[in-house]
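Remarks on the structure that follows.
Rule-based calculations on the coordinates, nothing more; no lab input. No experiment lies behind these values; they were computed from the predicted model shown. As a convention, Cβ positions derive from the backbone with ideal geometry for all residues, glycine included, and neighbour counts pool all protein chains shown.
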There are 2 protein chains.
Amino acid sequence: MLFRQLFDKETSTYTYLIADEKTKEAALVDPVIEQVDRDLKLIQELGLTLRYCLETHIHADHITGTGKLREITGCDGIVPENAQAVCANGFIKDGEVLKLGDVEILAIATLGHTDSHNSYLVNQNILLTGDSLFIRGCGRTDFQSGDPGLMYDRVTQKLFTLPDETLVYPGHDYRGHLVSTIGEEKQYNPRFVGKDRASFIEQMNNLNLPNPKKIAEAVPANQKCGNVAVMAEA
Amino acid sequence: MLFRQLFDKETSTYTYLIADEKTKEAALVDPVIEQVDRDLKLIQELGLTLRYCLETHIHADHITGTGKLREITGCDGIVPENAQAVCANGFIKDGEVLKLGDVEILAIATLGHTDSHNSYLVNQNILLTGDSLFIRGCGRTDFQSGDPGLMYDRVTQKLFTLPDETLVYPGHDYRGHLVSTIGEEKQYNPRFVGKDRASFIEQMNNLNLPNPKKIAEAVPANQKCGNVAVMAEA
């Protein structure tokens, strides 16, 4: 398997390129519209065919590159079950597997940050957590139908029950961490360590974070797969 | 082996944490002074003992974390042979190996960006290139005794002769790439592809880049291992 982590500095967003080295089929998870040229160039240089753009959720902080990538490559835009994205070519729900040759991408519904959100477990040991579990943190739960109780349940029951050595690759990091493990997060994530469900909810309801700068444009644009041209007409 | 890439967003600098999982001995390559607390916390959480801070070269764009880390942990600050760093505990020259338990870190002198510069090959397949080879680029050669001819020679003769699958981890990236391979860089690095020594030199001599913002403070500070307190007295 080929696996590449990519970074958008402006929004501190990680995009992931996953490909089967034999069939050369590839997927991009959470592409960013400003980075489409970079990502396409890399895909081309590596001799890959982009089959899927896969979203962990409808983002509020950046516009997805999916619409633009689909227009150029003809790939399918796939979003979690129940995501409000009429533009999607397909939906993927908890327990479903997307295959790229021999590479298996298992969807694990980890709601809480938003009311439709998947983590993706790649070949059983690489976990893309989107905006559910971060390295020593977690996604916020105070807009877009966020629900701290659900976040707690899904992270502790569905992610923290994976093997300790599972690699954790988040959707964002703001401090320069790139990867962690489930074992580390269970032991050191300050949002979860020593907290029961009630105290986790209390903590999340009192973060008082400012809204993401791009939320007003990003959410409606991402519901249209980041197809900004369609947006302008709407 | 434990291997972690870390990022400083302000200067787009990568720091690398390398450790032997049995002996728990660790080295940090190119730490950044503003990230010392983050790095120490991670080292502590992972149960590691910091033995070495290892520099690829005397940096011009950021102040090293070595002085501060040495003060706190007692680790040794190691720099390339001939580096103008009176503060160093030790020098490492081309072909020398630093060991952390079973982990081997081989110094490969890759001059050109500066007149003392090492790449480090970890366990024969992870290549930390510092400011010599970048992903689809290379370090500049227009100050600090930079020499584009030497850069060309060392990259093409010492790095491009490594196996194609060798992973390339640079000292910086400004476009959100995190890792590449020797095979990819030989094929797609625009600074080198299709260029002989003379045209590489001409290209590098005509980049007309502005000086790094921090050069006036960073170079003298790094010659003292980033010991800013000593700096202030000097």
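Observations on the structure shown:
- Cβ-defined net charge surrounding residue B:99, 11 Å radius [Lys, Arg +1; Asp, Glu -1]: -4
- In nanometers and ordered shortest first, the copy-to-copy spacing of the residue A:47 label point, defined 7 Å from Cα toward Cβ, is 4.3.
- Relative contact order of chain A, defined on C-alpha pairs under 8 angstrom at six or more residues apart (%): 18
- Net charge dipole size for the range B:44-116 [Lys, Arg +1 and Asp, Glu -1 on Cβ; Debye, nearest 20]: 180
- Unpaired cysteine residues in chain B (no second Cys Cβ under 4.7 Å): B:53, B:75, B:138.
- With a 10 Å cut-off around each Cβ of B:6-14, the average count of Cβ atoms from other chains is 3.
- Within-12-Å neighbourhood charge of residue B:115 [Cβ basis; K, R +1; D, E -1]: -1
- With label points set 7 Å from Cα along Cα→Cβ, the inter-copy distances at residue B:153 are 6.8 nm, sorted shortest first.
- 15 Å beta-carbon shell around residue B:205, net charge (K/R +1, D/E -1): 0
- Over 25 Å [Cα-Cα, the range B:81-200], rounded percent: 20
- Peptide B:174-180, shielding by other chains (average Cβ, 10 Å cutoff): 6
- Each 10 Å bin from 0 upward holds the following percent of the Cα-Cα pairs of the range A:1-113: 14, 49, 34, 3.
- When the helices of chain B are scored as -39500 (n - 2.57) per DSSP H run of n ≥ 4 and the total is divided over every residue, the value at 222 nm lands at -6500 deg cm²/dmol.
- Magnitude of the charge dipole for the protein assembly as shown, about its Cα centre and with charges confined to Cβ atoms of Lys, Arg (+1) and Asp, Glu (-1), is about 260 debye.
- Cα-centred dipole magnitude for the range B:2-211, charges only on beta-carbon of K, R (+1) and D, E (-1), debye, nearest 20: 180
- Model label points for residue B:23 and residue A:1, set 7 angstrom from Cα along the Cα-to-Cβ axis, are 3.3 nm apart.
- Options B:17, B:114, B:56, ranked by Cα towards positive dipole end of the range B:2-211, top entry (Cβ charges): B:17
- Take each residue of peptide B:32-41, count the partner chain Cβ atoms within 10 Å of its Cβ, and average: the result is 1.
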